[in-house]
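The block underneath contains the structure these notes are about, expressed in structure tokens.
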Amino acid sequence: AQRVTQPEKLLSVFKGAPVELKCNYSYSGSPELFWYVQYSRQRLQLLLRHISRESIKGFTADLNKGETSFHLKKPFAQEEDSAMYYCALPTGGGNKLTFGTGTQLKVEL
Amino acid sequence: GAVVSQHPSRVICKSGTSVKIECRSLDFQATTMFWYRQFPKQSLMLMATSNEGSKATYEQGVEKDKFLINHASLTLSTLTVTSAHPEDSSFYICSAFSGTGTTQGQFFGPGTRLTVL
């Protein structure tokens, strides 16, 4: 079955520290993976997708097929990065997405 | 671009009544929209896929007679929670899929908080 796992419910880091939000997937074939972010009281929005290999707000994510991972990284956390982060995987055709359980990132001063 | 709106943002109703939630893609056409349910501090759970001009596709365990979905145009999908009960209280989120243009993917509405008394 196609599945996304985010093992950490909460990740607390200090401002300026590196951040790594973990995401592991189970998928047969070549997956297209996404990271979505939900800031407090705001809607869910796309942060980045692996096929575009872009860096948004300093975040990057590399698809590691050997480890079946798509971890989200940022070298220096900022206070405004505090949010809920979801890893997502297309499943079942028709552009459906399966979301991980999410990781709450808290950046402390 | 790729803005999705939902109406209402918040609704409180009595048990046994029906509630309609609208999802609109404001600046693009969406042949496919999705309806999710999100419980407090939990992930989004896909309820159904709304297809313009055809019947919605429901996920396993979601009652199609309880959660009626209509996708009458390329910019509007509605979710009607029929005979609502307190256990239906939740945060309902829609998304619209854009497969063309420079912005592609699922774009999410702000959500609707339903409270059933």
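Can you find a residue that is in contact with a Cys (Cβ under 9 Å, 6 or more places away or on another chain) and farther than 24 Å from A:Ala83 by Cα anywhere in segment B:43-57? Yes, that holds for at least one residue.
Per the listing B:Gly16, B:Gly61, the residue uniquely under 24 Å from A:Gly102 (Cα atoms), modelled with pLDDT of 90 or more and not in a strand (DSSP E or B) is B:Gly61. Checking the stated criteria, B:Thr78 turns out not to satisfy the condition of being over 18 Å from A:Leu89 (Cα atoms) and surrounded by fewer than 16 Cβ atoms within 10 Å (Cβ to Cβ). Within segment B:64-75, the only residue that satisfies the criterion of being exposed (fewer than 13 other Cβ atoms within 10 Å of the Cβ) and assigned to a loop (DSSP other than H, G, I, E, B) is B:Asp65.
Candidates in segment B:78-117 are the residues that are away from every other protein chain (no Cβ under 14 Å) and in a strand (DSSP E or B); of these, the one that is nearest to B:Pro40 (Cα to Cα) is B:Ser90.
Would you point out which residue out of B:Lys66, B:Lys41 is in contact (Cβ under 8 Å) with a residue 12 or more places away in the chain and basic (Lys, Arg)? So that I can check it myself, show each step before the final result.
Numbers: B:Lys41 fails: in contact (Cβ under 8 Å) with a residue 12 or more places away in the chain.
That would be B:Lys66, the only listed residue that is in contact (Cβ under 8 Å) with a residue 12 or more places away in the chain and basic (Lys, Arg).
Only one residue in B:Leu76, B:Leu44, B:Leu68, B:Leu26 is of a type outside the set (Gly, Ala, Ser) and within 16 Å of A:Lys96 (Cα to Cα), so which one is that? Explain how you work it out, then say what you get.
Details: B:Leu76 fails: within 16 Å of A:Lys96 (Cα to Cα); B:Leu68 fails: within 16 Å of A:Lys96 (Cα to Cα); B:Leu26 fails: within 16 Å of A:Lys96 (Cα to Cα).
The unique qualifying residue is B:Leu44.
Of the strands (runs of 3 or more DSSP E) lying entirely inside chain A, the ones with 2 or more residues being in contact with a helix residue (DSSP H, G or I) (Cβ under 9 Å, 6 or more places away or on another chain) are found at A:34-38, A:103-108. If you go through segment A:65-108 and keep only what is within 10 Å of chain B (Cβ to nearest Cβ), among the hydroxyl-bearing types (Ser, Thr, Tyr) and more than 18 Å from A:Leu48 (Cβ to Cβ), you end up with A:Thr91, A:Thr101.
The values are calculated or read from the model by the stated rules, or taken from the named source; none is laboratory data. Source: prediction; values computed, not measured. Reconstructed Cβ throughout: ideal geometry from the backbone, glycine too, with neighbour counts over all protein chains shown.
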